[in-house]
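K.L.:
Below are the structure tokens for one structure; questions will follow.
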Number of protein chains: 6
Amino acid sequence: METLGKPLLPALLALQPLETLRRTGWVLRGIADPETIAGHVLGTCHAILALGPRVDPPLDVERCLALALVHDAPEAKLGDLPKSAAELLPPGAKADAEEKAALEVLGALSPLALELFAEYRGRSSREARFARLCDRLQMGVRMIGYRRLGVAGLEEFAATVAALDCSEFAPAAALRAEILAGA
Amino acid sequence: METLGKPLLPALLALQPLETLRRTGWVLRGIADPETIAGHVLGTCHAILALGPRVDPPLDVERCLALALVHDAPEAKLGDLPKSAAELLPPGAKADAEEKAALEVLGALSPLALELFAEYRGRSSREARFARLCDRLQMGVRMIGYRRLGVAGLEEFAATVAALDCSEFAPAAALRAEILAGA
Amino acid sequence: METLGKPLLPALLALQPLETLRRTGWVLRGIADPETIAGHVLGTCHAILALGPRVDPPLDVERCLALALVHDAPEAKLGDLPKSAAELLPPGAKADAEEKAALEVLGALSPLALELFAEYRGRSSREARFARLCDRLQMGVRMIGYRRLGVAGLEEFAATVAALDCSEFAPAAALRAEILAGA
Amino acid sequence: METLGKPLLPALLALQPLETLRRTGWVLRGIADPETIAGHVLGTCHAILALGPRVDPPLDVERCLALALVHDAPEAKLGDLPKSAAELLPPGAKADAEEKAALEVLGALSPLALELFAEYRGRSSREARFARLCDRLQMGVRMIGYRRLGVAGLEEFAATVAALDCSEFAPAAALRAEILAGA
Amino acid sequence: METLGKPLLPALLALQPLETLRRTGWVLRGIADPETIAGHVLGTCHAILALGPRVDPPLDVERCLALALVHDAPEAKLGDLPKSAAELLPPGAKADAEEKAALEVLGALSPLALELFAEYRGRSSREARFARLCDRLQMGVRMIGYRRLGVAGLEEFAATVAALDCSEFAPAAALRAEILAGA
Amino acid sequence: METLGKPLLPALLALQPLETLRRTGWVLRGIADPETIAGHVLGTCHAILALGPRVDPPLDVERCLALALVHDAPEAKLGDLPKSAAELLPPGAKADAEEKAALEVLGALSPLALELFAEYRGRSSREARFARLCDRLQMGVRMIGYRRLGVAGLEEFAATVAALDCSEFAPAAALRAEILAGA
């Protein structure tokens, strides 16, 4: 029998804007049509695939990937609030809004999708902390990409990368060093 | 003597992202590269130029234009938070963040720029209320534009236009009727 | 009663292309998708908001903004003719065409819109001359923006900025100096 | 010996904007990023390759292609002036400007390039008249392409196609009929 | 110590084009700037998150996600060859090229990345077959998205969806039905 | 009588994607929205118009143009396979696929279109060899264009230009020298 209980197509269509939504942080630095959320998510997963298997003690790398895949899904409802926006909102307001949005956009997919988001958000597992770190490192890799296209004035992004705490995951520190050497 | 006290170029560059920042509401409805904030602001001013001189008793139309011109300037720091985001933030949080952002991005231009923003925000003058109404009507005009490009599924925008209270400004009601007839 | 006499929606739709029409001058220098007319207009208004209140004796800054808002409206009918095109047309031909186009696209909005265009065009008021100067300075600010994205070969734009006569408005001279220092 | 007399690279770079310059006529109908001049030229050549060999008495089809290839080159200096602009300029002003621009941008390539432009412009040969007709028919083919993407309100373009005089070239009349049937 | 053995930054930069590379199949149907590979991959993962937990007997959903994440990585070296290209190449040639490209672009990340690609390619596990099916269903979801933007002439894509064999995974059949109902 | 035997409109529409299809080689180097096939073809023709009349003994320059015009038409069916893809396919596989695609997309236009493709492909005439050389040189001119926009890391393209054999056509060697001097 072909039934899913309630329809899934609307839930999948509601997530499609992640394919075209631009990362606001780059727009506010003058890059007119920068990477999309989808691009950022895929880049984060590539960083996980590169660094994850090198971490010791071993990580559940596939869990890391699953966590990264859902981490920006709330933006399908919220848009992409840059760091400069989060800082002007009440403490915790952005995180609360994201949780409510996740409940809607990921809850419509499956309980698993929501569970992954909650784990990512809670940073309670090593996998969640590692996925978050790779999310930050992806920004550095993207910054290097824009440098090669000629973009100047990205020091603020380099500073964010430099300030990342990589102490829990040694391979991340090595990539951070590579990024800073190229910045 | 050629001096502005402190430099103005950085303040003007900080506002340039409004030229390329896309209106998130349309992106979340599947339009990949919709109008920018600058496009929205100009369209709002066109509506003011069309309707303002028809309002009775007369409005200070140039004041309306000046109010409209600054009304989305905080987005240069915040990005464009769609209605669906504002609804998930604490009451007043978006407005507070915009005021803080305005202080920075408009305050760096001139006291006049800030004063205009405060008047627009407070809705205390007829001019401010009219500028706000034209901001909403522009969304309806833009919706008609997208309809003509073939876009379906914009009923939510039409409903917002239908719900606008135009009782204070009769010519606005006439434009609203035109939009709804074309929707 | 909800009537505007004749419909305004078509007139507003006819001006929407200003939101997407690209400034030809940048395209001809190799920038594929440069700022739009709407972006240019908004940037010009930001320059007015920054410099206008500093001018002595005082200007009617809101009038300046209103003049700037309509100054490129004829391009909704003509497209954006770059300087290199104007120079190959008979003397006055571009200006004449713009006046005819303004009659159509702005005349359909309101007599005020047309009156503003005529004042801007005539350069008879200090406000009109200041708005024109800010239109030119915006090009310089935009040029700095493109420099930071890596674009080279924009000397011609810098030369135009350098040649601007800012003697009537001292604060404009200061911004010009900032632009040239950054160019 | 490797010499071209004077350098050709600047002349070739000066023509590159044709690769990104958008056809203004479509922009003014609400299509944000329509076909480029290069796209239009290639489409015109495809129409020539389809219809040309069917014309009787036979045409010099390669000459037709060469004429089509240069026909919009002046736009690298002028931008793309839509029909609505040409109508507001003095009679012949657009054509004169194009000839002057051609002298510069095509003259810098070779005498042949200029000669082709002059023949196209003069409509003295059957080949020139046929290339011009295919330039017009390409607009119709492009219109059908936009229809299939959902764009409405292109009746004006269909009317232009319907009014084309195809009496000199029977195969062109057949394509015109196909376009109008699909419009 | 901060070392990865050999540098990872070049490998991550080499995969960045997946963020901007457009899916050729849509381009060849007239959609100028369609979804990117990154968008497609993310959409595929959303389908997995929606359908995967509903499959009985249970799947290793995280494994499915990991397989989907790498499945188009070779396109960073090959570009996106549409079905119409694969059909004109020798049998197996596209698959062979992808395996060689995977060796390079995924091999540079980690052995795990390569292993995932091999499993996806071999279709030996239920997880691999399910990930492949969701890759195909995402095309259907994307098609519905384009329909809503007004795009016509996508029957070929609907036919591909209709022909999908969903017998191994009942929930996929339900989504297929939803897509076809909306097509 | 208005008949073409079989309809030509579908054949012309099938070639329209060349107007928007991006050259994959640039995408894989990080340029998000590079030149289209149409842009590349027009640029190649400009190089022919510049260099062709300078070649001694004289070339049939119009034939060269016609050959260049069809040379990438198969990409309307295949997409743009970059050099890195061709190298991973069996020897001759890309060329074979292009011939089959040409049969379809150019054969639908006219026998002349196919004949031109076959001559270009066979390199049997001086005109075909010259058109091919100009196709390669256009890549160099385009590279200079991207350099001026700030793009770094294009050495691979410069190396390809440096390696071009221009011995048969002296003027081509001069342009190559200009490109390398600017690279």
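K.L.:
What is the one condition in (1) over 19 Å from residue A:135 (Cβ atoms); (2) more than 9 Å from chain E (Cβ to nearest Cβ); (3) of a type in the set (A, V, I, L, M, F, W, C) that residue A:76 does not satisfy?
P.N.:
Checking residue A:76 against (1) over 19 Å from residue A:135 (Cβ atoms); (2) more than 9 Å from chain E (Cβ to nearest Cβ); (3) of a type in the set (A, V, I, L, M, F, W, C), the one that fails is (1).
K.L.:
Residue check, residue D:146 against (1) within 14 Å of chain E (Cβ to nearest Cβ); (2) of a type in the set (Phe, Trp, Tyr); (3) touching a Leu at 6+ places or on another chain (Cβ under 6 Å), all met but one. Which one?
P.N.:
The number of the failed condition is (3).
K.L.:
Which members of region D:22-34 meet the condition of being open to solvent by 10 Å² or more (accessible area, probe 1.4 Å) and touching a strand residue (DSSP E or B) at 6+ places or on another chain (Cβ under 8 Å)?
P.N.:
The answer is D:22, D:23, D:33.
K.L.:
Right, next: So in region D:149-174, with the set limited to residues that are away from chain E (no Cβ under 14 Å) and β-branched (Val, Ile, Thr), which one is farthest from residue D:62 (Cα to Cα)?
P.N.:
Within region D:149-174, the subset away from chain E (no Cβ under 14 Å) is D:155-174.
Applying the additional criterion that residues be β-branched (Val, Ile, Thr) yields D:160-161.
Numbers: D:160: 27, D:161: 24 Å.
Checking each candidate, the answer is D:160.
K.L.:
Moving on. Output the helices (runs of 4 or more DSSP H) that fall wholly within region A:1-115 and possess 1 or more residues being within 28 Å of residue B:89 (Cβ to Cβ), among the polar types (S, T, N, Q) and in contact with a helix residue (DSSP H, G or I) (Cβ under 8 Å, 6 or more places away or on another chain), or say none.
P.N.:
Ranges flagged: A:24-27, A:37-51, A:83-86.
K.L.:
Counting just the residues of region A:49-72 that are more than 9 Å from chain E (Cβ to nearest Cβ) and over 11 Å from the mean Cα position of the chain (by Cα), which one comes out surrounded by the fewest Cβ atoms within 10 Å (Cβ to Cβ)?
P.N.:
Here the residue is A:57.
K.L.:
Could you tell me whether any residue of region E:104-120 is under 17 Å from the mean Cα position of the chain (by Cα) and under 30 Å from residue A:5 (Cα atoms)?
P.N.:
Within region E:104-120, one or more residues are under 17 Å from the mean Cα position of the chain (by Cα) and under 30 Å from residue A:5 (Cα atoms).
K.L.:
State whether the residues of region A:173-183 include one that is in contact with a helix residue (DSSP H, G or I) (Cβ under 9 Å, 6 or more places away or on another chain) and modelled with pLDDT under 95. So that I can check it myself, show each step before the final result.
P.N.:
Keep residues of region A:173-183 that are in contact with a helix residue (DSSP H, G or I) (Cβ under 9 Å, 6 or more places away or on another chain), which gives A:174-176, A:178-183.
Remaining after also requiring modelled with pLDDT under 95: A:182-183.
Scanning region A:173-183, I find at least one residue that is in contact with a helix residue (DSSP H, G or I) (Cβ under 9 Å, 6 or more places away or on another chain) and modelled with pLDDT under 95, so the answer is yes.
K.L.:
Taking the conditions exactly as written (within 26 Å of residue C:12 (Cα to Cα), open to solvent by less than 50 Å² (accessible area, probe 1.4 Å), assigned to a loop (DSSP other than H, G, I, E, B) and not basic (Lys, Arg)), does residue B:141 satisfy them or not? Don't jump to the end; show me each part of the working.
P.N.:
Values: within 26 Å of residue C:12 (Cα to Cα): yes; open to solvent by less than 50 Å² (accessible area, probe 1.4 Å): yes; assigned to a loop (DSSP other than H, G, I, E, B): no; not basic (Lys, Arg): yes.
Spelling it out, it is not the case that residue B:141 is within 26 Å of residue C:12 (Cα to Cα), open to solvent by less than 50 Å² (accessible area, probe 1.4 Å), assigned to a loop (DSSP other than H, G, I, E, B) and not basic (Lys, Arg).
K.L.:
Being under 15 Å from residue B:62 (Cβ atoms) and part of a helix (DSSP H, G or I) is the filter here, so list the residues in region C:123-138 that pass it. Lay out the reasoning, then the answer.
P.N.:
Of the residues in region C:123-138, the ones under 15 Å from residue B:62 (Cβ atoms) are C:125, C:127-128, C:130-131.
Passing the criteria: C:127, C:128, C:130, C:131.
K.L.:
How about region A:73-93: which of its residues are touching a residue at least 24 places away in the same chain (Cβ under 8 Å), more than 16 Å from the chain's Cα centre (by Cα) and surrounded by fewer than 24 Cβ atoms within 10 Å (Cβ to Cβ)? Lay out the reasoning, then the answer.
P.N.:
First, the residues of region A:73-93 that are touching a residue at least 24 places away in the same chain (Cβ under 8 Å): A:73-77, A:79-85.
If we keep only those that are more than 16 Å from the chain's Cα centre (by Cα) too, we end up with A:84-85.
The one that is touching a residue at least 24 places away in the same chain (Cβ under 8 Å), more than 16 Å from the chain's Cα centre (by Cα) and surrounded by fewer than 24 Cβ atoms within 10 Å (Cβ to Cβ): A:84.
K.L.:
Could you pull out the residue among E:132, E:148, E:126 that is open to solvent by 50 Å² or more (accessible area, probe 1.4 Å) and either over 30 Å from residue B:28 (Cα atoms) or at pLDDT below 95 (or both)?
P.N.:
On the way: E:132 fails: either over 30 Å from residue B:28 (Cα atoms) or at pLDDT below 95 (or both); E:148 fails: either over 30 Å from residue B:28 (Cα atoms) or at pLDDT below 95 (or both).
Going through E:132, E:148, E:126 in turn, just one is open to solvent by 50 Å² or more (accessible area, probe 1.4 Å) and either over 30 Å from residue B:28 (Cα atoms) or at pLDDT below 95 (or both): E:126.
K.L.:
Collect the residues in region D:2-15 that are within 21 Å of the chain's Cα centre (by Cα) and open to solvent by 20 Å² or more (accessible area, probe 1.4 Å), keeping them in residue-number order. Write out each step before concluding.
P.N.:
Let us first name the residues in region D:2-15 that are within 21 Å of the chain's Cα centre (by Cα), namely D:11-15.
Matches in region D:2-15: D:13, D:14.
K.L.:
Just give me the residues in region A:167-183 being within 17 Å of the chain's Cα centre (by Cα) and open to solvent by 10 Å² or more (accessible area, probe 1.4 Å), in sequence order.
P.N.:
A:176 - this is the single residue of region A:167-183 that is within 17 Å of the chain's Cα centre (by Cα) and open to solvent by 10 Å² or more (accessible area, probe 1.4 Å).
K.L.:
In region E:24-48, how many residues are among the charged types (D, E, K, R) and in contact (Cβ under 8 Å) with a residue 60 or more places away in the chain?
P.N.:
Within region E:24-48, the subset among the charged types (D, E, K, R) is E:29, E:33, E:35.
Then keep just the ones that are in contact (Cβ under 8 Å) with a residue 60 or more places away in the chain; that gives E:29, E:35.
Within region E:24-48, residues that are among the charged types (D, E, K, R) and in contact (Cβ under 8 Å) with a residue 60 or more places away in the chain number 2.
K.L.:
Go through (1) at pLDDT 95 or above; (2) within 26 Å of residue E:48 (Cβ to Cβ); (3) not in a helix (DSSP H, G or I) and name the single condition residue A:120 misses.
P.N.:
Of the numbered conditions (1) at pLDDT 95 or above; (2) within 26 Å of residue E:48 (Cβ to Cβ); (3) not in a helix (DSSP H, G or I), the odd one out for residue A:120 is (3).
K.L.:
Just the residues that are small (Gly, Ala, Ser), within 9 Å of another protein chain (Cβ to nearest Cβ) and touching a Pro at 6+ places or on another chain (Cβ under 8 Å), please, taken from region C:86-120.
P.N.:
C:93, C:97, C:101, C:108, C:110
K.L.:
Go through the residues of region C:44-61 one by one and say whether even a single one is among the small types (Gly, Ala, Ser) and more than 18 Å from residue B:41 (Cβ to Cβ). Steps first, answer last, please.
P.N.:
Start the filter on region C:44-61 by keeping residues that are among the small types (Gly, Ala, Ser), which leaves C:47, C:50, C:52.
So of that shortlist, the ones also more than 18 Å from residue B:41 (Cβ to Cβ) come out as none.
No; the residues of region C:44-61 include none that is among the small types (Gly, Ala, Ser) and more than 18 Å from residue B:41 (Cβ to Cβ).
K.L.:
Looking at the structure I just gave you, is residue C:25 small (Gly, Ala, Ser) and within 9 Å of chain B (Cβ to nearest Cβ)? First the steps, then the outcome.
P.N.:
Working: small (Gly, Ala, Ser): yes; within 9 Å of chain B (Cβ to nearest Cβ): no.
No.
The values are calculated or read from the model by the stated rules, or taken from the named source; none is laboratory data. Keep in mind it's a predicted model, so treat the numbers as computed, not measured. Virtual Cβ from ideal backbone geometry, glycine too; neighbours counted across all protein chains shown. Just the protein is used for accessible areas: all its heavy atoms, side chains included, with ligands, DNA and RNA removed. Shrake-Rupley method; radii C 1.70, N 1.55, O 1.52, S 1.80 Å.
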